[in-house]
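**Q** Input: one structure, supplied below.
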Amino acid sequence: MKPTYAGDYELAKGLSIRASRRLSGFAAGEQRSPATGGGIEFADYREYVPGDDVRLLDWSVYLRSRKLLVKLCAEEKELTMVAILDVSRSMDFGEPPKLELAKRIASVLAGIALRGGNRAGVTALGPGLLEPIRPERRKLTMAGIGRTVHSLESVPRSAPEACLRQFASRYGRKCVAVLVTDLLYPEWQRSLDALASSLCECHVVQLLAPEELEPSDRGEVTLVDMEDASEAPTHIDDALAGRYASALGAYLASVRSECARRDLGYCLVRSDASLARVFNEDFKKAGIVC
């Protein structure tokens with residue numbers, strides 16, 4: 001039985017995508033101003049969300065349609081959020097699989113953007129850049145986003161660096177980007193370079209399984225590479241487990257440092273974490289949502 005996203009929709013309420021840079025957007029001046037509603041020229045409406053200034057509600061529209069709509073003025077522009085999913089085979093690892101949580105994260109991020117009157121897109125790192133949801137001006141629903149994102153499956157071969165170069169070319173300076181990946185591929189540093197070259201406001205969410213963070217296997221085991229199915233028989237004892245823990249700690253410190261050096265936000269997430277914990281604690285602390 002395939003899981004659904006119905007229980008995740010409530011998380012989109014009361015949260016906003018946090019943006020600190022001025023971006024060009026997909027039309028002239030589509031970055032939300034810090035001071036909303038300060039413009040003189042009326043531009044459009046969007047749905048009211050908790051926390052909006054009630055003085056901006058159009059009560060004449062409410063009396064006609066019973067819908068709470070907020071007036072957008074010329075200075076209140078859109079933000080575009082794009083979630084980038086790693087769909088390489090290694091994302092199928094873990095219990096639950098890393099890819100399952102990654103898809104739920106992407107769906108909720110898109111929902112948060114849409115509820116705020118913004119644009120949302122979802123892309124994936126396959127052999128080429130996949131774009132199941134483009135941030136176009138069209139009606140999207142949380143259920144529709146969930147169905148589309150959930151239909152994504154891991155691919156036998158992916159080219160993260162090349163895909164992120166494509167992303168930078170297509171979306172450069174236009175959005176807030178959130179890359180959800182395990183970064184378990186040799187060219188991960190070049191991939192960060194490619195993401196940073198977009199000059200978007202970018203966050204890297206590194207998603208790792210509990211078995212990767214704290215492996216419990218001991219004795220004679222055969223390790224299987226999720227990407228190429230190669231096998232490596234080995235004997236795991238406490239000494240080897242200790243060396244693994246040290247190497248993992250050094251690797252994670254390096255990832256954090258390399259992200260900071262490129263001005264990329266960074267957040268480490270366990271694949272067994274609850275979605276509420278991810279958004280209300282991890283993502284708030286990392287400055288992805290507020």
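The values are calculated or read from the model by the stated rules, or taken from the named source; none is laboratory data. It should be emphasised that the depicted structure is a prediction, and the values quoted were computed from it without experimental measurement. No Cβ is skipped: glycine too gets one built from the backbone with ideal geometry, and neighbour counts run over all protein chains shown.
**Q** Could you grab me the full set of residues in the range 107-130 that are touching a Ser or Thr at 6+ places or on another chain (Cβ under 9 Å), aliphatic (A, V, I, L, M) and either farther than 22 Å from A168 by Cα or touching a residue at least 60 places away in the same chain (Cβ under 8 Å) (or both)?
**A** I112, A113, L114 - these are the residues of the range 107-130 that are touching a Ser or Thr at 6+ places or on another chain (Cβ under 9 Å), aliphatic (A, V, I, L, M) and either farther than 22 Å from A168 by Cα or touching a residue at least 60 places away in the same chain (Cβ under 8 Å) (or both).
**Q** Look through V176, V204 and report the one residue that is in the same structural domain as G126 (by TED's automatic domain parsing), touching a Phe, Trp or Tyr at 6+ places or on another chain (Cβ under 8 Å), surrounded by 15 or more Cβ atoms within 10 Å (Cβ to Cβ) and of a type in the set (A, V, I, L, M). Give the derivation first.
**A** Numbers: V176 fails: touching a Phe, Trp or Tyr at 6+ places or on another chain (Cβ under 8 Å).
Residue meeting the stated conditions: V204.
**Q** Here's another thing I want to ask about it. List the number of the failed condition for Y251; all other conditions in (1) touching a residue at least 60 places away in the same chain (Cβ under 8 Å); (2) in a helix (DSSP H, G or I); (3) under 21 Å from S90 (Cα atoms) hold.
**A** (1)
**Q** Follow-up. Looking at (1) surrounded by fewer than 16 Cβ atoms within 10 Å (Cβ to Cβ); (2) modelled with pLDDT under 95, which is the only condition P215 fails?
**A** Result: P215 fails condition (1) only.
**Q** Filter the range 131-143 down to the residues that are in contact with a helix residue (DSSP H, G or I) (Cβ under 9 Å, 6 or more places away or on another chain), without any contact (Cβ under 8 Å) to a residue 12 or more places away in the chain and assigned to a loop (DSSP other than H, G, I, E, B) and list them by number.
**A** At the first step, the residues of the range 131-143 found to be in contact with a helix residue (DSSP H, G or I) (Cβ under 9 Å, 6 or more places away or on another chain) are 131-133, 135, 140-143.
Then drop every residue that is not without any contact (Cβ under 8 Å) to a residue 12 or more places away in the chain, which leaves 131, 141.
Across the range 131-143, the qualifying residue is only T141.
**Q** Inside the range 260-290, can you point out the residues that are outside any loop (DSSP other than H, G, I, E, B) and in contact with a Gly (Cβ under 7 Å, 6 or more places away or on another chain)? Step through it out loud before you land on a result.
**A** Taking the range 260-290 first, the residues outside any loop (DSSP other than H, G, I, E, B) are 260-261, 265-270, 275-286, 289.
Answer for the range 260-290, where residues must be outside any loop (DSSP other than H, G, I, E, B) and in contact with a Gly (Cβ under 7 Å, 6 or more places away or on another chain): G265, A286.
**Q** Something else about it: How do the helices (runs of 4 or more DSSP H) wholly within the range 150-218 filter down when requiring 2 or more residues that are over 17 Å from V122 (Cα atoms) and under 17 Å from the mean Cα position of the chain (by Cα): which remain? Write out each step before concluding.
**A** Details: elements: 160-171, 188-196, 210-213.
Once the helices (runs of 4 or more DSSP H) in the range 150-218 are filtered for at least 2 residues that are over 17 Å from V122 (Cα atoms) and under 17 Å from the mean Cα position of the chain (by Cα), what remains is 188-196.
**Q** Please go through (1) modelled with pLDDT of 95 or more; (2) within 13 Å of the chain's Cα centre (by Cα) for G287 and return the number of the only condition it doesn't satisfy.
**A** Checking G287 against (1) modelled with pLDDT of 95 or more; (2) within 13 Å of the chain's Cα centre (by Cα), the one that fails is (1).
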